[in-house]
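Q: My structure is below; once you've seen it, I'll send some questions.
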Amino acid sequence: MARKSAEPATRSRSAAQPKRPSATRLWFKQRRGLLRGAGMGLLALGAVGAVSFGVVALDPMARLREGTGWLAELGRGPGLSVQEIRIEGREFAPREALLTAIGITPGEAMLDFHPHAAKQRLEQIAWVETAQVERRLPGTIIVRITERRAFAVWQRDGRFSVIDREGRVMATERLEAFGPLPLVVGVGADRVAAPMIDLLRSAPEIADRVQAIIRVSERRWNLRLQNGADILLPEGHEEAAITRLAELQARDRLLDRPLAALDMRLPDRLVVRMQGPAQPATPTPTPARSQRG
């Protein structure tokens, strides 16, 4: 019972004695104004930093320009400029056209060169079928091309061009450098010559006698033979006509005769026109000279 009566007395004494503030609290209390001012200063400094960071983050092109400018300067430094452009596989393609398509010259920065873009430009040249472009550091660009193959000579309006299988013009000069090629003549002959040339190659006994393959009205073909005779082929039935012509040649030696024309356009008959007898040349009278007396 004595213990219970002593507890209230102890609490009352504790409540009667005021609690002294600690030294740390007194130090913060005395310097509260100074700390408040420092905090405001830090807050303002942080705001300025955030704005600056935001400007940099919101202007990535400025950072990119800084980076690419630095890379460009590095690419122009010693050992990183173009020293050699090596072209492999070229036979007839003009070197000047290839260099223009490559798009860079010795002395320029290697890092300014884009191989994929150069490949696309090269493959737009009529001479080039495929191109491979490699940038080999420190200073070499290697270009490997596969040229299109010359397929025929196309004549139109008295002008001659070497064309590939698709009919694209490859050259208009020095045609003799390509060797003997089939001659196709007429408007539109360049675009559709390949099937006809392939058909003739399957019948060499006919092809050996053909001088030119002539497109008529952009619809059908005539064959001009070495002896000057014309073979008129039916529209859309060239294969059957060539097969029949080869049979006639093997059996009757028809193309060895003095033909002027052979019309095969009718399905059930041949119309043959022979060369006429050679006519003697008619002498041209010359006016008599007047004689002076």
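Q: Based on this model, can you work out whether Ala93 counts as touching a Phe, Trp or Tyr at 6+ places or on another chain (Cβ under 9 Å) and either surrounded by fewer than 12 Cβ atoms within 10 Å (Cβ to Cβ) or modelled with pLDDT under 95 (or both)?
A: Yes: the conditions hold for Ala93.
Q: OK, next. Within segment 238-259, track down each residue that is outside any helix (DSSP H, G or I) and without any contact (Cβ under 8 Å) to a residue 12 or more places away in the chain.
A: Arg253 - this is the single residue of segment 238-259 that is outside any helix (DSSP H, G or I) and without any contact (Cβ under 8 Å) to a residue 12 or more places away in the chain.
Residues are listed down the side, and each one gets a yes or a no for (1) of a type in the set (Phe, Trp, Tyr); (2) in a helix (DSSP H, G or I); (3) touching a Phe, Trp or Tyr at 6+ places or on another chain (Cβ under 9 Å):
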residue	(1), (2), (3)
Arg144	no, no, no
Ala150	no, no, yes
Arg165	no, no, yes
Met170	no, no, yes
Glu173	no, no, no
Ala177	no, yes, yes
Val184	no, no, yes
Met196	no, yes, yes
Leu200	no, yes, no
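Q: Now, a different point. Let me confirm something: among Gly186, Gly228, Gly167, which residue is loosely packed, with under 13 Cβ neighbours inside 10 Å, at positive phi and not hydrophobic (A, V, I, L, M, F, W, C)? Spell out how you get there, then give the answer.
A: Details: Gly186 fails: loosely packed, with under 13 Cβ neighbours inside 10 Å; Gly167 fails: loosely packed, with under 13 Cβ neighbours inside 10 Å.
The unique qualifying residue is Gly228.
Q: Could we say that Ala57 is of a type in the set (A, V, I, L, M) and either within 30 Å of Ile213 (Cβ to Cβ) or at pLDDT 95 or above (or both) here?
A: no
Q: Still on this structure, I have one more. Mind listing whichever residues of segment 260-271 are exposed (fewer than 13 other Cβ atoms within 10 Å of the Cβ) and outside any loop (DSSP other than H, G, I, E, B)? Give the derivation first.
A: So in segment 260-271, the residues exposed (fewer than 13 other Cβ atoms within 10 Å of the Cβ) come out as 266-269, 271.
Matches in segment 260-271: Val271 only.
Q: Here's a check for you: in segment 101-142, which residue that is part of a strand (DSSP E or B) and buried (at least 20 other Cβ atoms within 10 Å of the Cβ) is modelled with the lowest pLDDT?
A: Val128
The values are calculated or read from the model by the stated rules, or taken from the named source; none is laboratory data. Owing to the predicted nature of the structure, the values given are computational and were not obtained by experimental measurement. Note: ideal-geometry Cβ built from the backbone for every residue, glycine included; neighbour counts use all protein chains shown.
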